[in-house]
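Some notes on the structure that comes next.
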Amino acid sequence: AKAQGRNNFQCFTSSMNERVSERLLLESGLRDALKHEEFELYYQPQYDFGRNRLSGCEALIRWNSPQGLVMPDRFIPLAEETGLIIPIGAWVLEQACRQGEIWNRELVEPISIAVNVSAVQFRPALVEEVKGALESTGFDPRQLVLEVTESVLMSDVDSSVRLLEQLRELGIRIALDDFGTGYASLAYLKRFVLDKLKIDRTFIMGIPEDKDDVAITSSIIDIARHLNIMTVAEGVETEAHCEFLRTAGCNIAQGYYFDRPLPAEQFGRRLT
Ligand code: C2E
Ligand code: CA
Ligand code: CA
Ligand code: CA
């Protein structure tokens with residue numbers, strides 16, 4: 001039993017060491033990634049039920065690291081911890097605006113681009129970063145949407161209210177991401193001026209079988225409509241999801257049923 005205990009301990013430390021060194025590797029790779037232009041934005045189409053067409057997209061970051069493609073869930077948390085999310089986030093904003101300006105130049109009906117903003121980025125300096133990205137690219141502010149989560153707004157409600165006001169004064173729009181998964185969702189709708197609500201994928205998943213998910217989703221859509229806020233459903237994967245959402249009065253749908261996130265070139269082909 002004693003020997004086994006020692007083995008377990010060795011197992012534990014070696015897997016811990018592995019995790020630590022994996023993290024260090026990831027971190028040093030992340031530091032060089034911007035310099036080496038290893039990040040890429042993919043764009044996931046969003047479909048407007050009312051106008052029956054593609055009306056925008058969400059920009060989602062990918063890392064083409066020397067070891068292969070890395071998804072954001074694997075490096076965004078580390079980028080947040082190390083502060084690297086600040087320069088990475090500024091790059092995302094600028095890149096999304098530059099690409100959006102190129103697409104919209106050719107389009108009669110311009111598309112919107114939604115960019116994710118992490119809690120670390122959500123500070124007064126963000127206003128200048130957004131302004132800078134808009135000015136250097138010439139992207140129409142009305143087509144830029146910033147996606148923030150409830151937890152981003154929660155840390156300091158008063159300064160969040162002020163920051164959202166300053167951002168909206170630039171002419172851009174704000175979407176509340178992953179709606180329904182936080183603590184004080186409904187109180188937030190009263191406190192913050194929002195343009196869009198993104199209904200979290202976990203509610204859409206259960207439609208139409210799960211009666212609770214059905215009730216929650218239609219209630220969110222109704223509340224948002226009364227507050228004059230647009231609804232975007234995320235994680236729309238099936239025809240049944242789509243039919244339910246259309247009937248319930250949801251404005252916009254995004255998910256694998258329509259398209260996966262696409263590299264810029266492929267997304268561009270969807271526009272023509
Ligand atoms: P999110 O903002 O909730 O983005 C939606 C995620 O759901 C994306 O994962 C997208 O690919 C995925 N998705 C879209 N449609 C479906 C579907 O029908 N079914 C399922 N199962 N999944 C779907 P992705 O691209 O891996 O991004 C994960 C998260 O990483 C994002 O969650 C967001 O929080 C974060 N992220 C991505 N790009 C950025 C960025 O540029 N900046 C920051 N700060 N965070 C980012
Ligand atoms: Ca998002
Ligand atoms: Ca989301
Ligand atoms: Ca999510």
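Selection over the stretch 140-156 of residues that are more than 19 Å from the chain's Cα centre (by Cα) and either surrounded by 14 or more Cβ atoms within 10 Å (Cβ to Cβ) or within 13 Å of ligand 3 (Cβ to nearest atom) (or both) gives a count of 1.
Given the conditions (1) free of Cβ contacts under 8 Å to residues at least 40 places away in the same chain; (2) more than 13 Å from ligand 1 (Cβ to nearest atom); (3) aliphatic (A, V, I, L, M); (4) more than 18 Å from Asn251 (Cβ to Cβ), and given that Leu167 satisfies all but one, which numbered condition is not satisfied? Result: Leu167 fails condition (1) only.
Ala114: under 14 Å from the mean Cα position of the chain (by Cα), closer than 19 Å to Gly171 by Cβ and within 16 Å of ligand 3 (Cβ to nearest atom), yes or no? When the stated conditions are applied, Ala114 passes them. When Ser21 is tested against (1) part of a helix (DSSP H, G or I); (2) at pLDDT below 95; (3) surrounded by fewer than 10 Cβ atoms within 10 Å (Cβ to Cβ), only condition (3) is not met. Of the residues screened, Glu128 is one that is surrounded by fewer than 14 Cβ atoms within 10 Å (Cβ to Cβ) and over 23 Å from Ser55 (Cα atoms). For the stretch 200-215, residues that are open to solvent by 70 Å² or more (accessible area, probe 1.4 Å) and either within 15 Å of ligand 4 (Cβ to nearest atom) or under 15 Å from Thr231 (Cα atoms) (or both) total 3. Within the stretch 99-113, the residues that satisfy the criterion of being in a helix (DSSP H, G or I), at pLDDT 95 or above and open to solvent by 20 Å² or more (accessible area, probe 1.4 Å) are Gln99, Glu101, Ile102, Trp103, Asn104, Arg105.
Residues in the stretch 65-74 that are away from ligand 4 (no atom under 16 Å from the Cβ) and either within 21 Å of Gly100 (Cβ to Cβ) or buried (at least 19 other Cβ atoms within 10 Å of the Cβ) (or both): Ser65, Val70. Go through Ala79, Ala119, Ala96 for me and flag whichever is assigned to a loop (DSSP other than H, G, I, E, B) and among the aliphatic types (A, V, I, L, M). None of the others qualify; the one that does is Ala119. When residues in the stretch 33-58 are screened for being within 15 Å of Gly68 (Cα to Cα), without any contact (Cβ under 8 Å) to a residue 40 or more places away in the chain and surrounded by fewer than 15 Cβ atoms within 10 Å (Cβ to Cβ), 2 of them pass. Taken together, the criteria exclude Asn116 from residues that are loosely packed, with under 14 Cβ neighbours inside 10 Å and either under 30 Å from Thr247 (Cα atoms) or in contact with a strand residue (DSSP E or B) (Cβ under 7 Å, 6 or more places away or on another chain) (or both). For the stretch 53-73, filtered to residues that are outside any strand (DSSP E or B) and modelled with pLDDT under 95, the residue that is nearest to Leu134 (Cα to Cα) is Pro66. Can Ala224 be described as in contact with a Lys or Arg (Cβ under 9 Å, 6 or more places away or on another chain) and away from ligand 1 (no atom under 16 Å from the Cβ)? It is true that Ala224 is in contact with a Lys or Arg (Cβ under 9 Å, 6 or more places away or on another chain) and away from ligand 1 (no atom under 16 Å from the Cβ).
Looking at the stretch 242-259, which of its residues are open to solvent by 10 Å² or more (accessible area, probe 1.4 Å) and touching a Gly at 6+ places or on another chain (Cβ under 7 Å)?
Initial filter on the stretch 242-259 (open to solvent by 10 Å² or more (accessible area, probe 1.4 Å)): 243-244, 246-249, 251, 256-259.
Selection gives Asn251 alone.
Looking only at residues of the stretch 185-199 that are open to solvent by 20 Å² or more (accessible area, probe 1.4 Å) and touching a Lys or Arg at 6+ places or on another chain (Cβ under 9 Å), we find that the one that is nearest to ligand 1 (Cβ to nearest atom) is Asp195.
The values are calculated or read from the model by the stated rules, or taken from the named source; none is laboratory data. Note that this is a predicted model, so its numbers are computed, not measured. Positions of Cβ are generated from backbone atoms using ideal geometry, with glycine treated the same way; all protein chains shown enter the neighbour counts. Side chains included, ligands, DNA and RNA excluded: accessible areas come from the protein's heavy atoms. Shrake-Rupley method; radii C 1.70, N 1.55, O 1.52, S 1.80 Å.
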